[in-house]
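Rule-based calculations on the coordinates, nothing more; no lab input. Bear in mind that the values here come from a model prediction, so they are computed numbers and not experimental data. We place every Cβ from the backbone using ideal geometry, glycine too, and count neighbours over all the protein chains shown.
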């Protein structure tokens, strides 16, 4: 196998190399002896990513069946001076990090469907494949066990290994930290092709290097992610601002309040002060069935962008409504309210795995303060 790889990667005749690529890829598949497969033809997806800045055609698109397959591919690259390998989750890198020009791209989503809820010192964890999508992990945890990850990213169609290799930041990070702070154990394939279990107590240097290490210290193939009881209901609120100072001041206020006296989710974003369907006023309503954003209430002094705080409170069916109202009553939180005209839409529904059903709709503009 080593001789074959060296023959492939050291070829200098570009035309000959291109003509031989398909045969080379097939031979490489046989040499690696994978339980999964290598696709040498339909490689288009492996040459693109979310950023759309770069596009590189790989030699093959590897679909590893398990961690052993990942290790075999990495070892093959290690034995070669030029063969490159990249791990691809759901393709949401923005600068070509998950591509390999005439190398091998591994489709981490093709790995075996490993999922198990375990307890460590009484605390529940989801033991999941690095190629699993967070939306699938959340669905299984909530529906089958009544549990949910303590921290996740806002966009859930990302892989576990992918976000843990970055940080995994969302509106829950102010309370629980990023996803990288909510992991008990990892299985990592190192740059030498070794499969190593690591945690704070076992191989801690690799553990902390792999978490947020951008894949430079190994490929995360499995993780134990901390869980907590899933709530029954969610009250969801969006508050819109014209002034950045008030927006940032209120955000800081909310994330510094005591846990039992504030929201469970706090996040902010900027949107265009225009009718752009993706980034303007239409992007603000939490549900397309609710009243649209009314731009006529935006003051003439507003700039080209507006600011939005998105907050949510998780609660149980047994919680008294007054308790929920006390936390989510925005005026009592001493936000930057100059004028309050309240017209809210409420809907209570079960907390579901999609996190796409929003249960309390309140749109507010602060500065020249208004609501829908």
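At 0.36 nm per residue, minus the direct Cα-Cα distance, what do residue 294 and residue 326 gain on full extension? Give it in nm, one decimal, please. Don't skip to the answer; put the middle values down first.
Working: separation 32, 0.36 × 32 = 11.52 nm, distance 2.78 nm.
Length difference between fully extended and current span is 8.7 nm.
Neighbouring Cβ atoms within 10 Å as the yardstick, rank 165, 81, 37 fewest first.
On the way: 165 25, 81 10, 37 16.
Least crowded to most crowded, the residues run 81, 37, 165.
Modelled label-to-label distance, residue 249 and residue 197, 7 Å Cα→beta-carbon offset: nm?
5.3
What whole number of Å gives the distance from the Cα centroid of the range 215-244 to the Cα centroid of the range 59-90?
Between the Cα centre of the range 59-90 and that of the range 215-244, the gap is 30 Å.
Relative contact order of the range 123-201: what whole-number percent is it, with Cα pairs under 8 angstrom and at least 6 residues apart?
Working: 101 pairs, mean separation 18.2, N = 79.
Answer for the range 123-201 is 23 percent.
Rank these for me by crowding, 111, 106, going from fewest to most other beta carbons within 10 Å.
Working: 111 24, 106 30.
By the 10 Å Cβ count, ascending, the order reads 111, 106.
Evaluate the distance, in nm, between pseudo-label points positioned 7 Å from the Cα of residue 216 and of residue 112 along their respective Cα→Cβ axes.
It is 3.3 nm.
What distance in nm separates the two pseudo spin-label positions at residue 283 and residue 150, each 7 Å out from Cα along the beta-carbon direction?
Modelled inter-label distance: 3.1 nm.
Within 10 Å of each residue's Cβ, count the other Cβ atoms and sort 219, 38 from fewest upward. Write out the running numbers ahead of the final one.
Details: 219 27, 38 22.
The order, fewest Cβ neighbours first, is 38, 219.
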